[in-house]
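Everything below concerns the one structure shown next.
The values are calculated or read from the model by the stated rules, or taken from the named source; none is laboratory data. Here the structure is a predicted model, which is why all the values come from computation and not from measurement. Here the Cβ positions follow ideal geometry from the backbone for every residue, glycine too, while neighbour counts run over all protein chains shown.
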Amino acid sequence: MRRTFIFVLTLLVCAPLFAQEAKSQEITPAQLWTILEAGNKTFVAGSIAYTQLKTERSQLAAYQSPPVTILSCSDSRVPPELIFNQSLGTLFVIRSAGNVVDDFGIASIEYAIAQGYTKLIVVLGHSSCGAVVASLGGADPATPALTALAMRIRSSFVGIPYDSRDPKNVQRAVEMNAKAAAVSLLARSKLIRDAVLTEKVKIVTANYDLSTGEVKRVD
Ligand SMILES: [Zn+2]
């Protein structure tokens, strides 16, 4: 599947003659999620191509309007653009170990909403997340910042043992942590909360499987 976002963005952004048409074709959060799912299927199949980067760079040099914000882990195996088969200008990405947000992450998302970019926020956890595994037990974190991260992630664990040896336990913790991050966005930001309550923005919580490449909703 070609990168549908670029087509939509071209209509919305780069061609004033299409203004009326673009308005009638305004894309919904549900449609955006469908596009991401389709892109993920392409990624799972094992081959994606970036053949229009020069054109896309040119079109987007002076402007962006990425309709999707992704909050994901910093893990090198979870690059949002690749796993959703998206290119330049489509994803506004906030990444941290364990896909948690601090004030600056919240500010980044608020900025994207305030600019009118974001219609869909995806909070993306992933299988075998090292930050979650570390937060489930083992050695004490080595620094105050790492301790703060582990404490934040641990605060999302409800009713699960602090034991990272069982993969099912780890996966439960990963999903709890992702759901907690989504709730945290609503709890900590009035701007995000209002955007969701007025249905201008939708939040989806999902999990990425490192082995299969599949993204599935967990909310
Ligand atoms: Zn991770």
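The set of residues in segment 39-59 that are aliphatic (A, V, I, L, M) and either within 16 Å of the ligand (Cβ to nearest atom) or without any contact (Cβ under 8 Å) to a residue 40 or more places away in the chain (or both) comprises 45, 48, 49, 53. Applying a threshold of 6 Å to beta carbon distances and a minimum spacing of six or more residues, or different chains, the list of pairs starting in segment 74-86 at a residue that is farther than 14 Å from residue 37 by Cβ and of a type in the set (Val, Ile, Thr) and ending at one that is outside any helix (DSSP H, G or I) and more than 9 Å from the ligand (Cβ to nearest atom) reads 78/208.
Selection of segment 39-63 for residues being farther than 17 Å from residue 126 by Cα and in contact with a strand residue (DSSP E or B) (Cβ under 8 Å, 6 or more places away or on another chain) yields an empty set. Applying the criterion of being away from the ligand (no atom under 13 Å from the Cβ) and of a type in the set (Ser, Thr, Tyr) to the residues of segment 107-135, the residue that is surrounded by the fewest Cβ atoms within 10 Å (Cβ to Cβ) is 111.
For segment 15-37, a tally of residues being surrounded by 14 or more Cβ atoms within 10 Å (Cβ to Cβ) and modelled with pLDDT of 95 or more returns 7.
Any residue in segment 142-157 that is within 14 Å of residue 179 (Cβ to Cβ) sitting within a Cβ distance under 9 Å of a residue that is at pLDDT below 95 and among the hydrophobic types (A, V, I, L, M, F, W, C)? List the pairs, counting only those 6 or more apart or interchain. That search, which allows pairs on different chains as well, returns 153/134; 153/136; 157/136. Scanning segment 64-93 for residues that are acidic (Asp, Glu) and more than 16 Å from the ligand (Cβ to nearest atom) yields a single hit, 81. Among residues that are of a type in the set (S, T, N, Q), outside any helix (DSSP H, G or I) and at pLDDT 95 or above, residue 184 is not included.
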